[in-house]
Amino acid sequence: MATSFQLGDLTIHQVIEQEGPFFDPLTFFPGLAPELLEENRAWLEPQAIDPATGQLRLCIQSYVIRTPHHTILVDSCVGNHKQRAQPFWNNKSDDTWERNLAATGIALGDIDYVMCTHLHVDHVGWNTRLENGRWVPTFPRARYLFAEREVAHWQAEHAKAANPVFADSVLPILEAGRAELVAEDHGVGDHLRLTPTPGHTPGHVAVELGKDEVIAVLTGDLIHSPLQMRYPELSMRADTDRTQSAETRRRFLECQCDTGRLVCTAHFPSPSTGHVTRWGSGFRFMPTEG
């Protein structure tokens, strides 16, 4: 599936790898009280919570941005042939992501830059592909842009205990000389800029789009579910700093609220894109029309 938006001289393509019920909400959000979940279940089902299983419905996807000068892939999902702890990500061998990228009319060789909002398993996987038993860069022409602080964090973690995600999807890019370690406010041309959004990971970034003003923003993993729009203080289990994550999320949502900017989330169920409005002391996600 590939959905596209034309915003002035920018085109945004969604490239979905997986979508479905994946995690128990009370496990995914350790601070979520069962009573609060039940209070919100009516509006969360069936889009954000699957009624049959009670699990969170999430989307795993990339965004491809075409500016007048560059084609930029943001986040590269899970990838194939990789040993992963989650059974639904372990040793995948399907062609869904590749077919959905092709449906945008963009080939692997068309990508100028690959940007990763952070270096978790479901954001770096297609950075590399398996070729003759070796992990090699998937995109033949691309430079890979990683926040310097994010790489430093995961290099240190990998030195303490082997991290297969870093080993097969990031380290081969560094060793091939294809990575650029950049500041968390780095820009590509005059249409795309990173902005620091720490908490989920130390060097996590969001991506702002627009030449003269911000017209769209890609959230990465600063938010995972519409439930966190209503309750920004609700952090998820993999956040390295849950307090900082909550502060970042509220600040971000205040900044986007009622601006008309297109907010492109990494993991909200389809359509995943929409606008932020206020809802009491929190916020509401207004999805784009299908």
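Rule-based calculations on the coordinates, nothing more; no lab input. Computed from a predicted model, the values in this text were never measured in an experiment. Please note: Cβ atoms are built from the backbone with ideal geometry, for glycine as well, and neighbour counts cover all protein chains shown.
Tabulated data
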{"item": "Length gained when the stretch VAL214-ASP24 is fully extended (0.36 nm per residue, less Cα-Cα span)", "result": "64.9 nm"}
{"item": "Value at 222 nm in deg cm²/dmol, rounded to 500, when DSSP H runs of n ≥ 4 in the chain each add -39,500 (n - 2.57)", "result": "-6500 deg cm²/dmol"}
{"item": "Lysines with Cα under 18 Å of LYS82, excluding same-chain neighbours fewer than 8 positions away", "result": "LYS92"}
{"item": "Antiparallel content of DSSP bridges confined to the chain, in %, to 5", "result": "75"}
{"item": "Over the chain, relative contact order from alpha-carbon pairs under 8 Å, at least 6 apart, %", "result": "15"}
{"item": "Net +/- balance of residues flanking ALA147 in space, Cβ distance below 12 Å, scoring K and R +1, D and E -1", "result": "-4"}
{"item": "Separation of the GLU233 and GLU175 label points, Cα + 7 Å toward Cβ, nm", "result": "4.6"}
{"item": "Two-site label geometry, TRP279 and PHE5: point separation in nm, points 7 Å out along Cα→Cβ", "result": "1.8"}
{"item": "Label-point gap, in nm, between ASP258 and SER93 - each point 7 angstrom along Cα→Cβ", "result": "5.5"}
{"item": "For ALA107, net neighbour charge (Lys/Arg +1, Asp/Glu -1) across residues whose Cβ lies under 15 Å away", "result": "0"}
{"item": "Net charge of neighbours whose Cβ lies under 11 Å from the Cβ of PHE283, counting Lys and Arg as +1 and Asp and Glu as -1", "result": "+3"}
{"item": "Within a Gaussian network of the chain (alpha carbon springs, distance under 10 Å), most fluctuating of ASP112, ASP95, ASP168", "result": "ASP95"}
